[in-house]
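The values are calculated or read from the model by the stated rules, or taken from the named source; none is laboratory data. Keep in mind the model is a prediction, meaning the values are calculated, not measured. Every residue, glycine as well, gets a Cβ built from its backbone with ideal geometry; the counts of neighbours run over all protein chains shown. Remember, those area values only see protein heavy atoms, side chains included, never the ligands or the DNA or RNA. Shrake-Rupley method; radii C 1.70, N 1.55, O 1.52, S 1.80 Å.
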Amino acid sequence: MNTAPHSYLTHLECTECGRTFDAGQLQTFCPDCRSPLMARYDLARLRAEASREQFAARPRGMWRWAELLPVRDPQFRLTLGEGDCPLLPLPRLGAELGMPRLFVKDEALNPTGSFKARGLCAAVARALELGVREFVIPTAGNAGGALAAYAGRAGVPAHIYMPADTPRANQVEVQAAGADLHLVDGLINDAAREAAAGAAAHGWFDVSTFKEPYRCEGKKTMGLELAESFGWRLPDVILYPTGGGTGLVGMWKAFAELEALGWIGPERPRMVSVQAEGCAPIVRAFRQGSPRAEFWQDAHTLASGLRVPGVFADRQVLRALRESGGAALAVSDEEITAAQRELAAGEGIFAAPEGAATLAALRHLRENDWIAADETVVLFNTGSGLKYI
Ligand SMILES: *Cc1c(COP(=O)(O)O)cnc(C)c1O
Ligand SMILES: [Zn+2]
């Protein structure tokens with residue numbers, strides 16, 4: 001029998017008040033507490049019906065985790081080849097740092113050159129299944145490129161609002177995909193205001209991160225892949241360049257689901273949020289012991305994906321950091337540029353500045369021994385350096 005795997009999606013749940021929502025309807029976020037909704041799956045049944053080994057035998061890509069993704073009808077599982085990016089050892093940088101178990105998950109190999117492809121692929125696919133025919137997004141850059149590509153793939157229109165000083169590659173890729181590009185005087189929060197106005201006026205569906213439930217599900221697959229790559233164990237430390245925190249929250253959710261399935265144990269990596277000194281709302285809140293991150297004034301950094309001054313899922317990001325025994329730290333643009341050169345010249349990986357920031361942060365965490373030399377550490381390179389030239 002050759003049937004496509006089916007989704008075990010059951011319902012949506014507010015991360016703060018626990019209110020549940022019908023996953024068969026188009027949903028946004030919890031209207032009571034303005035918090036993200038999380039997709040829930042019948043994990044007990046999946047545990048009884050599937051084994052972790054069967055996923056390895058499937059064709060490569062994000063959709064091999066279909067049981068743990070929200071799209072019910074396989075014909076809506078659109079793809080441009082996202083997911084299953086390599087987990088590469090960093091032998092030369094590792095030797096220099098005295099760290100024999102240092103890795104990078106190289107998300108630059110995704111369609112549109114960043115891991116935004118995973119999230120937008122899942123969100124667009126599920127929204128199409130639920131009847132959406134026109135999309136809108138505010139973006140710091142790469143999310144707009146990814147939405148434009150997946151909307152183009154599906155043959156539906158998309159409206160992209162991005163700061164006027166976003167890297168040129170992000171603007172060109174949006175226009176090349178035939179999407180409607182709006183350059184905004186301001187930052188992503190200003191773009192979000194204009195995008196929301198467009199959505200309200202025209203009925204477009206807003207796929208801002210965490211303002212719909214499924215971008216997080218796409219990015220969750222990074223956590224599934226990591227567990228599988230390490231033989232169903234997890235690394236000791238994950239360093240993640242944090243803007244809206246989608247991937248960090250998504251991976252944290254993936255680990256909980258894997259444990260509920262009995263595919264991993266209770267051990268968790270220490271999760272580290274890396275931000276830029278010019279925009280570090282999560283770092284500040286983490287240091288202050290605050291459950292919420294305040295808006296960061298005058299945000300500036302060359303790592304445009306980290307230029308997210310207001311974090312909608314701040315509570316979820318901070319909770320994951322704290323539950324994991326993790327950390328949060330900011331690095332300077334000078335350190336980011338130097339780390340970018342080291343990754344390219346030392347390992348052949350031309351990383352996005354956001355990804356390079358994790359190497360800069362690693363140096364600090366090794367210097368003060370927060371990370372031990374023999375620990376297994378994964379850096380996330382979230383995009384390609386080519387998108388910033
Ligand atoms: C969007 C983006 C980030 C931040 O991602 P979140 O999951 O929203 O925190 C990091 N790096 C790059 C290259 C990005 O495009
Ligand atoms: Zn709620």
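Report the full-extension gain for the segment D190 to R19: residue separation times 0.36 nm, less the Cα-Cα distance, to one decimal in nm. Provide the component values of the computation, followed by the final result.
Values: separation 171, 0.36 × 171 = 61.56 nm, distance 2.97 nm.
In short, 58.6 nm is gained.
Please give the peptides 373-384, 314-325, 21-32, 42-53 ranked by average Cβ packing (other Cβ atoms within 10 Å per residue), highest first, as a rough proxy for protection.
Values: 373-384: 23.7, 314-325: 19.8, 21-32: 15.2, 42-53: 13.3.
By packing density, highest mean first, the sequence is 373-384, 314-325, 21-32, 42-53.
Within region 241-261, which residues have the backbone N less than 19 Å from the label spot 7 Å out from H11 along Cα→beta-carbon, could you tell me?
257
For region 119-277, would you read off the P(r) tail past 19 Å as a percentage of all alpha carbon pairs? Present the calculation step by step, with values, prior to reporting the outcome.
On the way: 7160 of 12561 pairs.
The calculated P(r) of region 119-277 puts 57 percent of pairs beyond 19 Å.
Tell me the per residue accessible area of region 9-76 using a 1.4 Å probe; a whole number in Å² is fine. Please report the intermediate quantities before stating the final value.
Numbers: 3340 Å² over 68 residues.
With all protein chains present, region 9-76 gives 49 Å² per residue.
For the full complex of protein chains and a 1.4 angstrom probe, list S273, S290 by accessible area with the highest value first. The partial results should precede the final answer.
Values: S273 0, S290 25 Å².
These residues rank, largest area first, as S290, S273.
Counting other Cβ atoms within 10 Å, keep those with at most 14, restrict to DSSP loop, and tell me which chymotrypsin sites (Phe, Trp or Tyr not before Pro) in region 214-317 are left.
Values: sites: Y214, F230, W232, W252, F255, W263, F286, F295, W296, F312; in loops: Y214, F230, W232, W263, F295, W296, F312.
In loop regions of region 214-317 (DSSP not H, G, I, E or B), the sparsely surrounded chymotrypsin sites (Phe, Trp or Tyr not before Pro) are W232, F295.
Using the Karplus equation 6.51 cos²θ - 1.76 cosθ + 1.60 (θ = phi - 60°), what ³J(HN,Hα) coupling, rounded to whole Hz, does each residue of region 128-133 give in order, writing x for Gly and Pro?
Listing the rounded values in order: 4, 4, 8, x, 5, 10 Hz.
Determine the share of the chain's accessible area contributed by carbon and sulfur atoms, expressed in whole percent, with a 1.4 angstrom probe. Walk me through the intermediate numbers first.
Numbers: 7290 of 14480 Å².
Whole-percent figure for carbon plus sulfur exposure: 50.
What value does region 32-158 have for Rg/Rh, both radii from Cα atoms and Rh as Kirkwood defines it? Kindly include the intermediate steps, with their values, before the conclusion.
On the way: Rg = 17.5 Å, Rh = 16.9 Å.
Ratio value, two decimals: 1.04.
Once the Cα atoms of region 55-130 are picked out, what are the Rg and Dmax in Å?
Cα radius of gyration and Dmax of region 55-130 are 15.7, 51 Å respectively.
Tell me, what does the Kirkwood hydrodynamic radius of region 201-345 come to in angstroms if you use every pair of distinct C-alpha atoms? The partial results should precede the final answer.
Details: mean 1/r = 0.0622 Å⁻¹.
Taking the inverse mean of 1/r over all distinct Cα pairs, region 201-345 comes out at 16.1 Å.
Please report, in cubic angstrom per residue, the volume enclosed by the convex hull of the alpha-carbon atoms of the chain. Please report the intermediate quantities before stating the final value.
Details: hull volume 49.6 nm³, N = 389.
Per residue, the Cα convex hull of the chain comes to 128 Å³.
For region 116-206, what size does the Cα cloud have along each of its three principal axes, sorted from largest down, in whole Å?
Projected onto its principal axes, the Cα set of region 116-206 covers 34, 26, 20 Å.
In percent, how large is the relative contact order of the chain, given Cα pairs closer than 8 Å and 6 or more residues apart? Don't jump to the answer; show the numbers that get you there.
Details: 847 pairs, mean separation 67.4, N = 389.
Computed over the chain, the figure is 17 percent.
Could you give each residue of region 339-344 its phi-based ³J(HN,Hα) in whole Hz, using Karplus coefficients 6.51, -1.76, 1.60 with θ = phi - 60°, and x for Gly or Pro?
Ordered by residue, 3J(HN,Hα) equals 5, 4, 5, 4, 5, 6 Hz.
L88 versus R60, label points 7 Å from Cα toward the beta carbon: distance in nm?
1.4 nm
Which value, in Å², gives the accessible area per residue of region 116-206 when a 1.4 Å probe is used on the protein heavy atoms? Mind showing how you got there, number by number?
Numbers: 3160 Å² over 91 residues.
Roughly 35 Å² per residue, with all protein chains present.
With r as the distance between the Cβ atoms of E259 and Q175 and R0 = 56 Å, compute the FRET efficiency 1/(1 + (r/R0)^6) and round to 0.05. It would help to have the intermediate numbers written out before the result.
Values: r = 44 Å, r/R0 = 0.78.
For Q175 and E259, the calculated efficiency is 0.80.
Within region 230-246, whose backbone N sits under 17 Å from a point 7 Å along Cα→Cβ of N368?
238-240
Which ³J(HN,Hα) values, rounded to whole Hz and listed in residue order, are derived for region 309-314 from phi using the Karplus coefficients 6.51, -1.76 and 1.60 in 6.51 cos²θ - 1.76 cosθ + 1.60 with θ = phi - 60°, glycine and proline given as x?
x, x, 9, 5, 9, 3
Per residue and in Å³, how big is the convex hull formed by the alpha-carbon atoms of region 9-76?
Details: hull volume 7.5 nm³, N = 68.
Hull volume normalised by residue count: 110 Å³.
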